[in-house]
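Enquirer: This is the structure I want to talk about, given as structure tokens.
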Amino acid sequence: MRLSIVPLLAAILLATTSIASAQGRCRVMDPTGTPLNVRATPNGQIIGSLPNGLLVSIRDVATDNRGRSWALIAQFESGRRIGWVFREFIACF
């Protein structure tokens, strides 16, 4: 009996994508020392800002046309959607 590796690879890829798009406990960590801008869409209109240290979770990730990575974040405790921020300024653990 010959096993196909394609279904196994597909399952691994799906599992890793799900983990990356819904990371658990993360913190806002903007190295500039200013509040982190929150946007309606990746690189879209600014709709607010967040202080460093705020607990959040990542719900989705996207890349804009300039190759920058963005994260759709939500409040960690309630799960309420916040908006899009630069992915590099969110530290997950």
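The values are calculated or read from the model by the stated rules, or taken from the named source; none is laboratory data. The structure displayed is predicted, hence computed values, not measured ones. Methodologically, a virtual Cβ is constructed for each residue, glycine included, from the backbone with ideal geometry; neighbour enumeration extends over all protein chains shown.
Enquirer: Which residues, taken from the stretch 10-51, are in a loop (DSSP other than H, G, I, E, B), at pLDDT 95 or above and buried (at least 16 other Cβ atoms within 10 Å of the Cβ)?
Expert: PRO42, the sole residue that qualifies.
Enquirer: Which one is nearest to the chain's Cα centre (by Cα), of the residues in the stretch 61-82 that are surrounded by 13 or more Cβ atoms within 10 Å (Cβ to Cβ) and among the polar types (S, T, N, Q)?
Expert: Across the stretch 61-82, the extreme among qualifying residues is SER69.
Enquirer: Within the stretch 55-89, count every residue that is free of Cβ contacts under 8 Å to residues at least 40 places away in the same chain and part of a strand (DSSP E or B).
Expert: Within the stretch 55-89, residues that are free of Cβ contacts under 8 Å to residues at least 40 places away in the same chain and part of a strand (DSSP E or B) number 15.
Enquirer: Under 8 Å between Cβ atoms, which residue pairs at least 6 apart in sequence (or on different chains) link something in the stretch 28-40 that is more than 11 Å from VAL85 (Cβ to Cβ) with a partner that is assigned to a loop (DSSP other than H, G, I, E, B) and of a type outside the set (Asp, Glu)?
Expert: Partner pairs satisfying both residue conditions: GLY33/ASN52.
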